[in-house]
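Enquirer: Once you've had a glance at the structure underneath, I'll fire off some questions.
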2 protein chains.
Amino acid sequence: MTERKSDRTKSAIRTAARQVFASVGYERATIRDIAGVANIDPAMVMRYFGSKDGLFADTANFDLDLPTDLGDAPDRAGERMAAHFIAVWEQDDSGFAVLLRSAASNPVAAARIAAVLSEQLLPAVVALVGPGEAPQRAGLIASQVLGLALTRYVLSLGPVAAMSREQIIASIGPTLQRYLYGPLTP
Amino acid sequence: MTERKSDRTKSAIRTAARQVFASVGYERATIRDIAGVANIDPAMVMRYFGSKDGLFADTANFDLDLPTDLGDAPDRAGERMAAHFIAVWEQDDSGFAVLLRSAASNPVAAARIAAVLSEQLLPAVVALVGPGEAPQRAGLIASQVLGLALTRYVLSLGPVAAMSREQIIASIGPTLQRYLYGPLTP
DNA sequence: TGAATTTGTCAACAGTCGTTGGCAAATTGT
DNA sequence: ACAATTTGCCAACGACTGTTGACAAATTCA
């Protein structure tokens with residue numbers, strides 16, 4: 001029997017943890033809260049994930065999963081990147097909300113975001129524009145894209161949260177396009 | 001004597017609070033920490049500010065103080081806004097770092113940022129482009145500008161933190177310019 | 001069926017947090 | 001100089017946190 005009974009509760013804990021971490025952040029989320037949402041005993045969290053940090057490390061994980069063919073239509077790369085980011089964020093099982101909600105006050109979350117930038121976004125940018133100016137260009141893209149996620153999904157600032165996906169893509173896309181291929185004064 | 005002795009310690013507490021809140025965020029900052037930095041007793045914080053929330057409310061306050069003559073040279077408004085934001089953030093007595101560090105996990109801080117957007121940024125944008133599309137345009141500006149602050153000053157992401165002020169302004173300025181006057185597909 | 005392992009529950013520990021009240025020292029105002 | 005107020009320090013309270021260990025119930029395996 002490869003399906004143990006504990007796998008059910010383990011994944012229930014994971015789901016509850018993602019929800020609680022994403023909505024109140026690491027510091028305000030308590031193990032008792034998470035256990036309550038998952039309808040299990042707080043001690044189960046410790047048994048299966050070792051500690052609160054262990055649970056967070058398990059939960060705060062996500063792949064950017066950028067398409068590899070952005071270079072096929074370079075003049076639409078910015079627009080396609082914008083659409084991809086929104087698509088990734090709006091699937092709620094992605095651990096992105098967890099990370100961003102806690103990044104400002106939790107060093108582990110901040111380090112993970114930095115890792116996503118350097119290990120996933122940067123290589124994609126290098127593939128498009130070469131290694132020379134890629135770090136700055138990737139950094140600028142990150143600033144716009146994380147800012148959008150912060151204002152739209154974390155802070156829910158009125159106007160930004162109210163815009164449609166299409167409007168967001170049409171507005172942000174050209175910005176990313178310029179950060180990829182536009183001038184970069186040194 | 002209009003200068004009471006308590007004003008010294010009161011401002012020492014304020015300075016220490018700004019420093020601690022800005023570097024670890026509201027939840028991780030303890031009154032004992034702040035009192036330690038200010039070299040006073042934790043009870044003094046309670047006496048002069050009532051509670052931790054009271055101290056935070058007193059500390060997390062800042063004025064955007066946007067120039068009023070942006071409309072005099074509309075083609076440089078984006079660039080001047082970018083330069084102004086950077087100038088405001090890099091004076092460390094501005095409570096902006098305090099707000100942004102805590103906004104993702106502290107509702108009070110989040111509400112204050114929303115208030116700055118709607119009471120200070122939005123009117124400036126209305127003055128430039130009229131009331132019709134101003135909310136969306138202000139929201140887009142906020143997304144880029146908060147994203148830059150987050151990546152550069154809070155997360156200190158390598159490439160973004162390493163860029164010079166001039167390079168940042170030259171890169172972000174045109175983005176803000178387009179968010180002000182560029183097309184906005186509905 | 002019987003023994004061994006897994007899964008779950010409960011109560012409690014130890015530490016930290018915001019907060020409070022009492023009391024000594026310093027300062028103020030007359 | 002004396003009384004009143006302000007300023008500061010100290011110890012402690014009560015609540016909440018992550019975490020642990022003991023023990024019962026359920027499941028697995030022979």
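Enquirer: Work through the residues other than B:ALA111 whose Cβ is under 13 Å from its Cβ and net out their charges, Lys, Arg +1 and Asp, Glu -1.
Expert: -1
Enquirer: How many angstrom lie between the Cα centre of the range A:100-169 and the Cα centre of the range B:58-108?
Expert: 20
Enquirer: Going by average Cβ neighbours within 10 Å, how do the peptides A:64-71, A:89-96 rank, with the highest at the top?
Expert: Averaged packing, sorted descending, gives the order A:89-96, A:64-71.
Enquirer: For peptide A:104-111, how many partner chain Cβ atoms fall within 10 Å of a residue's Cβ, on average? Let's see the in-between values first.
Expert: Details: counts 13, 14, 6, 1, 0, 2, 4, 1.
Going residue by residue through A:104-111 and averaging, the value is 5.
Enquirer: Quick one: angle between helix A:165-181 and the longest Cα principal axis of chain A, in degrees between 0 and 90, rounded to 10, please.
Expert: Roughly 60 degrees between the two axes.
Enquirer: Add +1 for every Lys or Arg and -1 for every Asp or Glu among the other residues with Cβ under 10 Å from the Cβ of A:ALA22, and state the total.
Expert: So the environment of A:ALA22 carries a net charge of +1.
Enquirer: At a Förster distance of 22 Å, what's the computed FRET efficiency of A:ASN39 paired with A:GLU90, Cβ-Cβ distance as r, to 0.05? Mind showing how you got there, number by number?
Expert: On the way: r = 27 Å, r/R0 = 1.23.
Efficiency, from the Cβ-Cβ distance: 0.25.
Enquirer: Further, regarding this structure: What's the local net charge at A:LEU155, with K and R +1, D and E -1, over the other residues with C-beta under 11 Å away?
Expert: So the environment of A:LEU155 carries a net charge of +3.
Enquirer: A further question follows. Taking the label point as lying 7 angstrom from Cα along the Cα-to-Cβ axis, what are the distances from B:LYS5 to the corresponding position in the remaining copies, in ascending order and in nanometres?
Expert: The answer, with the shortest distance listed first, is 6.8 nm.
Enquirer: With axes computed from alpha carbons, what is the tilt in degrees of helix B:6-28 against the longest principal axis of chain B, rounded to the nearest 10 within 0 to 90?
Expert: 60
Enquirer: Which whole number gives the average, over all residues in A:166-173, of C-beta atoms from other chains lying within 10 Å of the residue C-beta?
Expert: Per residue, the average neighbour count from other chains is 4.
Enquirer: While we're looking at this one, here's another question. Please order A:LEU146, B:LEU128, A:LEU55 by the number of other Cβ within 10 Å, starting at the fewest.
Expert: Values: A:LEU146 25, B:LEU128 17, A:LEU55 22.
Listed from fewest to most nearby Cβ atoms, that is B:LEU128, A:LEU55, A:LEU146.
Enquirer: Could I ask something else about it? How large, in Å, is the range A:70-181 by the Kirkwood hydrodynamic radius built from its alpha-carbon pairs?
Expert: 14.5
Enquirer: If you don't mind, another one. Over the range A:5-59, what is the relative contact order in whole percent, taking alpha-carbon pairs under 8 Å and six or more residues apart?
Expert: Dividing the mean separation by the residue count of the range A:5-59 yields 36 percent.
Enquirer: Roughly what angle does helix A:134-149 make with the longest principal axis of chain A, taking Cα atoms, 0 to 90 degrees, to the nearest 10?
Expert: 60
Enquirer: Rank A:VAL160, A:LEU128, B:GLY25 by how far each Cα sits towards the positive end of the charge dipole of the protein assembly as shown (+1 on Lys, Arg Cβ; -1 on Asp, Glu Cβ) and give me just the farthest.
Expert: B:GLY25
Enquirer: Taking the Cα centre of the protein assembly as shown as origin and charging only Cβ (+1 Lys, Arg; -1 Asp, Glu), how large is the dipole, in debye to the nearest 20?
Expert: Result for the protein assembly as shown is approximately 1060 debye, rounded to the nearest 20.
Enquirer: Also, I was wondering about something else. Quick one: putting +1 on the C-beta of Lys and Arg, -1 on the C-beta of Asp and Glu, what dipole do you get for the range B:5-59 around its Cα centre, in Debye to the nearest 20?
Expert: 160
Enquirer: Would you look at the GNM of chain B, springs on alpha carbons closer than 10 Å, and say which of B:TYR26, B:TYR48, B:TYR153 moves the most?
Expert: Result: B:TYR48 has the largest fluctuation of those listed.
Enquirer: In peptide A:151-164, how many Cβ atoms from other protein chains are near each Cβ within 10 Å, on average?
Expert: For peptide A:151-164, the averaged partner shielding equals 6.
Enquirer: If one puts a single equal scatterer on every Cα of the protein assembly as shown and applies the Debye formula without solvent, what log₁₀ I(q)/I(0) results at q = 0.06, 0.09, 0.15 Å⁻¹?
Expert: After summing over all Cα pairs, the log10 values are -0.25, -0.56, -1.33.
Enquirer: With springs connecting C-alpha atoms under 10 Å apart, model chain A as a Gaussian network and identify which of A:LEU157, A:LEU148, A:LEU122 has the largest mean-square fluctuation.
Expert: Looking only at A:LEU157, A:LEU148, A:LEU122, the biggest GNM fluctuation is shown by A:LEU157.
None of the figures in this text is laboratory data; all of them are computed from the coordinates on show. Please read all numbers here as calculations on a predicted model, not as lab measurements. As a convention, Cβ positions derive from the backbone with ideal geometry for all residues, glycine included, and neighbour counts pool all protein chains shown.
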